[in-house]
1. Tally the residues that are touching a residue at least 24 places away in the same chain (Cβ under 8 Å), out of contact with any Ser or Thr (no Cβ under 8 Å at 6 or more places or on another chain) and not in a loop (DSSP other than H, G, I, E, B), restricting the search to the range 15-39.
2. Tell me the residue from K40, K10 that is basic (K, R), over 18 Å from E70 (Cα atoms) and at pLDDT below 95, please.
3. So which residues in the range 83-142 are more than 28 Å from F63 (Cα to Cα), small (G, A, S) and modelled with pLDDT of 70 or more?
4. Return yes when L71 is modelled with pLDDT under 95, in contact with a Leu (Cβ under 9 Å, 6 or more places away or on another chain) and in a helix (DSSP H, G or I) and no when it is not.
5. Return the total of residues in the range 9-44 being surrounded by fewer than 17 Cβ atoms within 10 Å (Cβ to Cβ), within 14 Å of L55 (Cα to Cα) and under 16 Å from the mean Cα position of the chain (by Cα).
6. Before we move on, is T109 of a type in the set (S, T, Y), surrounded by 11 or more Cβ atoms within 10 Å (Cβ to Cβ), under 20 Å from P43 (Cα atoms) and not assigned by TED's automatic domain parsing to the domain that holds Y45?
7. Which of (1) touching a residue at least 12 places away in the same chain (Cβ under 8 Å); (2) in a helix (DSSP H, G or I) does K42 not meet, given it meets every other one?
8. Condition first: touching a Pro at 6+ places or on another chain (Cβ under 8 Å), more than 21 Å from I119 (Cβ to Cβ) and not assigned by TED's automatic domain parsing to the domain that holds S128. Can you find one or more residues in the range 44-64 that meet it?
Amino acid sequence: MEYISEKIKKHRKILDITQEQLAEIIGIDTRTLQYYESGKRKPEYNVIPKLAKALNVNKEYLFNDYSDSELKETREQLKKANKDFDNLLQQISEYEKKHSVEDIELKKTYILLVEKKEILKRDIAYFSERQAILKGQRIHDN
């Protein structure tokens, strides 16, 4: 099996770009990229799409060496973040009602959080699907 560290390094070299250049393109520290390429660390879930785009590869290709337990852990972290979003949105809503607030900035923040929550829900579904694929099954719920 070709690991993500090897894939990153191989495709970076194919593109003939330095670690510094790739790190700058995807918005991470060069040292972090060096850890990815050496296998000391795996990219965070939100870095994989950036890496795939920068390296001109499919994110599924990069993603394939994640274990079931890593996928499950990431999915659980995303679910917790989703609950945290729900709590925060509820608190904002309650504050607004209690204080009769018509604050435009608060409403903008609320809308932004709702949009981010939708992205988070898609991420949870994505990791659930990846975990199911690893187990050789397909799922339709989160």
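The values are calculated or read from the model by the stated rules, or taken from the named source; none is laboratory data. For clarity, every value in this text was computed on a predicted model and none was experimentally measured. Cβ: placed from backbone, ideal geometry, glycine included. Neighbour counts: every protein chain shown.
1. Summing the residues that are touching a residue at least 24 places away in the same chain (Cβ under 8 Å), out of contact with any Ser or Thr (no Cβ under 8 Å at 6 or more places or on another chain) and not in a loop (DSSP other than H, G, I, E, B) in the range 15-39 gives 4.
2. K10
3. Matches in the range 83-142: S93 only.
4. Working: modelled with pLDDT under 95: yes; in contact with a Leu (Cβ under 9 Å, 6 or more places away or on another chain): yes; in a helix (DSSP H, G or I): yes.
In short, yes.
5. 1
6. Working: of a type in the set (S, T, Y): yes; surrounded by 11 or more Cβ atoms within 10 Å (Cβ to Cβ): yes; under 20 Å from P43 (Cα atoms): no; not assigned by TED's automatic domain parsing to the domain that holds Y45: yes.
No; evaluated as a whole, the condition is false for this residue.
7. (2)
8. no
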